[in-house]
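Everything on this sheet refers to the single structure shown next.
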Amino acid sequence: MEAVPAKNKAQGRLLVSTQLDAKDELEEKLERCVGVVHSMTNGLSEREANDALTACACKGQQQHEEVCLGLFALLLTEPAQAQRCYRDLTLVNRDGMNVVLVKINQILMEKFLKLQDVPRKQLVWLVRELVKSGVMAADGVVMTLLKQIAGGDVSTKNLWLAESVLDILLEQKEWLLKSGMLIAMSVYTYLRLIVDHGAPNLLPLRQKEVDFCIGMLREKFLECVIIGRDLVRLLQNVARIPEMDLLWRDLLHNPQVLSPQFTGVLQLLTARTSRKFLACRLTPDMETKLLFMTSRVRFGQQKRYQDWFQRQYLSMAESQSLRCDLIRYICGVVHPSNEVLSSDILPRWAIIGWLLTTCTSNVAASNAKLALFYDWLFFNPDKDSIMNIEPAILVMHHSMKPHPAITATLLDFMCRIIPHFFPPLEVQVRQGVFNSLTFIMEKRVLAHLAPLFDNPKLDRELRSMLRERFPEFCSAPSPPMEVKMEEMASMEMENMMDKEEGCYDNTEAAFSDDEEEVNSKGKKREFRFHPIREAVVEEPADITPWLDQLEDTMKDKVVQLQKSSDTETQCEVMQDIVDLILEEDFDTEQMSALASCLAEIFKEHFRGDVLPEDITDESLEESVCKAVCLVFRNLVTMQEDNSGFAVLLEMLAELYQKQPKIGYHLLYYLKASKAANGKMMLYESFAQATALGDLHTCLMMDMKACQEDDVRLLCYLTPSIYSEFPDETLRSGELLNMIVAVIDSTQLQELMCHVMMGNLVMFRKDSVLNILIQSLDWETFEQYSTWQLFLAHSIPLETIIPILQHLKYKEHPEALSCLLLQLRREKPSEEMVKMVLSRPCHSEDQFTTSLLRHWASKHDDALAEHIKAQLIKNNNQPRKRQSLRSSSSKLAQLTLEQILEHLDNLRLSLNNTKNSFFSQTPILQALQHVQASCDEGHKMRFSDLFALAEEYEDSQAKPVKSRRKAAATSPRSRKGAAPPSNNNEEESASSSASEEEDSKPKAPKRKRKCSSAVASDSD
């Protein structure tokens, strides 16, 4: 495998990349331009350099572009030279900065997420300078920058961007007021962001946003009116903020204050919101992924894409608010053509239904439903589009059978919103909803509404409310009428949904019957959660819809492939098809149709098991000698610089769109085939050629598909995937969770053997702690499996010992039990003892006490020294500072009180045993040290513990004869003592300590001494 050059690849200064990423074309171009500028200016004074750059830029368009982009790239990567580069750029450019503006927009739309920190900050600085200089079209760049501020995201980078752009708008207010569209776009953006910035630490930023929005709305209200009805929706969300409340009241009751031309809130609500505003609240990356799902993903195969989207954008608590933006975008911007509507592409209603099911709070759910129905409330058939209201009715219609609760809650919301949205406009809202339902029937989105409104699955109260609100639509259906193409497509979707028993995520699953616990062979059945496998009806592949799009020669070969039955003939025909693809005159426009034909022909292959039952070299080689593997084989034998390599990759990418299982089949071929030995990195080229364009995303989706289809194959691929793609697999627990979620105990043991033999590395030091912390939310068996796999590695326990601060005894028993068993085998280090002692004390949590007791019997000297060090260290810290520190940190901080509590628990645990841990000099000295400076409360609370120190102090103060006797119980004398005398001494020490607790003849003196010390300390 030729991976050595990749390891030595230099990291660019503009974009974040890994060793596996191909060099970015834009970054390469900018680096070349920087080289051109350096070659012209090296060794010259500033004046000479400027003259040289100007002279070069005047030679022609290409030279002008190279100089401008070279200065632009230097400005992004060299902050120290930014001012000079910008000055030179303004002097040299001859096109009003057009070349630079185009590249800024390209970076913002395509590369912004990959920018390194320095170029990101410099890019915002450059935009600020362009605005200051009044460069034409700078407002367009600012709008693109606003689009990069993600909703539902309170990460540091996103907050910095939001505040930086707001500062530009505030600093350059006069410039801003010249652009009506930018005013409206910025007000729409920051009104939306205010909702996300309610945390106490974000209040200063929120206040700036509130002041900016109020200022713009009061000064330039007519410019903001162009937003349309969604301006009211956003203002309604922030109306509880006191300053916003005043504006909200003026909007409702005193509209003339805002503008003499403004007639009232109804003027806004009847105006449809422009697509520009709905689209501006999705980042380019979100928009690309959403458009991909609604134009390329087939219905029934959407789960992997939805899972990816949810992990990327919807997994945080703050992201609840983003669902409204997504729903408004789907309703108002994503309007598929009739061709797409009549195909098997994932429909909009399915995505919206999935988004509704991911809402985890009542507020988020209510806002999401309002976003879905918002265009219904004041719908006007002459101004509004059917596409804006179609998703809501189809979500209700298609959810009735598999998810009646969703239909019921949406119908209930539709009924209740009429009187409650804004009581003075109840008549208009009722008319808007009535217009929507009428238009839906006119356009034949649904032939009849009675089956929806008067369905037996709805409760009686809801059906009664629907009949009361909409009597016109609750009558029995009329005789059958002509059905349009959209309805046929809707019926096809419903049939497909009936087969799959799930319309949003396709995750319905089945359990085996209780009485079938033992199978026919007498072995215990495996009870595991498996997806339902579609009942396969053997039908011949129908490729008729795509054949006419193929050229005659290709069509003949595809038909021949379809009719072939034996594997050898199929392979020969498939090779002929590959040869046709590689011909120079091959028309790539037929690629999609060809991929559809192949996906249909090979569908039986993708349904079956891939991995042989008995794994041998012969069986593996036989398993990859299938016709579908011919494309893989040809790719493996080609060089990457061969022109046919790119064409075959494109073919494979098209096939991937039609049949996503092709991804893990490629991985299997690259591992199992001898011809592909050492060529696993070919998968990276495939991933980059797909529409996903990202190795990590593609790999995780393919492994997820493999996990759902074939667990044996997943385990077979695991060692290769981890070894060949370490940066994609070891940096997070995503793949690990997929594996441990489905493996059984036998497969776990096999993986552990692979680890111990050096064939598999699933953890590395720099990321293992984070992965183990992630695993705390997994199921019990998944956690135990994860810890078993971790322990099979030779990673020092000190690497993960900080996880103790995250573990709670009731919530994380799996991790605690695994750690307990592993720590008992270790000799305690100072860091281990510190982390163990830092656990909060609780009567039911025996972790710390049991571990300390074990160490006290096996490693008493080392434990005593470490505890002494912690006692003295924490005792010397000022109490107030220590308290502040512990309260400000989310993780547990070690305090003196905690140590004493744990020691007291250990003392009680060791009572009536032969263990003499508390007679060791280091422990007694440390307790004596603490007692001398602690307050009365601690002395009373831990009096039994300090009694040991008092006895030690007494023994030090007695005459020589007594001291010798006391010394018999010291650690030094114990080492040479016989066991019986050691037991007697321990009982003697114990009894003397209890007698002293009862009588304490010398206590008054010591108390006076200690109290004076405490008093002077407090003074």
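Coordinate-derived values only; no laboratory data. Worth saying up front: this structure is predicted, and the values here are computed from it rather than measured. Here the Cβ positions follow ideal geometry from the backbone for every residue, glycine too, while neighbour counts run over all protein chains shown.
In table form, for the structure just shown:
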{"quantity": "Amide N proximity, segment 334-349 versus LYS457 label position 7 Å along Cα-to-Cβ, cut-off under 20 Å", "calculated": "347-349"}
{"quantity": "Whole-number percent relative contact order across segment 276-473, with pairs defined as alpha carbons under 8 Å at least 6 apart", "calculated": "19 percent"}
{"quantity": "Alpha carbon centroid spacing (whole Å) that separates segment 808-832 from segment 786-804", "calculated": "10 Å"}
{"quantity": "Above-threshold pairs, the threshold being 26 Å between Cα atoms, out of LYS29/LYS178; LYS132/LYS208; LYS114/LYS220", "calculated": "LYS29/LYS178; LYS114/LYS220"}
{"quantity": "Cβ-derived FRET efficiency at R0 60 Å, ASP861 paired with ARG296, nearest 0.05", "calculated": "0.35"}
{"quantity": "Tally of Lys pairs whose C-alpha atoms are under 26 Å apart, taken over segment 276-473, 8 or more apart or cross-chain", "calculated": "14"}
{"quantity": "GLU171 versus ARG731: modelled label distance in nm, points set 7 Å from Cα along the beta carbon direction", "calculated": "3.2 nm"}
{"quantity": "Magnitude of the charge dipole, segment 276-473, Cβ model with Lys/Arg +1 and Asp/Glu -1, debye to 20", "calculated": "380 debye"}
{"quantity": "Volume per residue that the Cα convex hull of segment 648-701 spans, once the total is divided by residue count, Å³", "calculated": "69 Å³"}
{"quantity": "Fraction in percent of alpha-carbon pairs per bin - 5 Å, segment 276-473", "calculated": "1, 7, 15, 20, 22, 17, 10, 6, 1, 0"}
{"quantity": "Longest to shortest principal axis, alpha-carbon extents of segment 113-231, angstrom", "calculated": "40, 37, 22"}
{"quantity": "Segment 585-605-segment 616-661 distance, computed between alpha-carbon centres (Å)", "calculated": "14 Å"}
{"quantity": "By average C-beta atoms within 10 angstrom, highest first, the peptides 212-225, 32-45, 901-914", "calculated": "212-225, 901-914, 32-45"}
{"quantity": "Rounded Å value of the spacing that divides the Cα centres of segment 735-750 and segment 910-949", "calculated": "48 Å"}
{"quantity": "Mean separation of Cα contacts under 8 Å (6+ apart) over length of segment 10-115, as relative contact order %", "calculated": "28 percent"}
{"quantity": "Residues HIS605 and GLN560, FRET efficiency given R0 of 22 Å [Cβ-Cβ distance, rounded to 0.05]", "calculated": "0.80"}
{"quantity": "Calculated Rg and Dmax of segment 612-710 using C-alpha coordinates, Å", "calculated": "13.1, 39"}
{"quantity": "Rg/Rh (Cα only; Kirkwood hydrodynamic radius) as it applies to segment 610-667", "calculated": "1.03"}
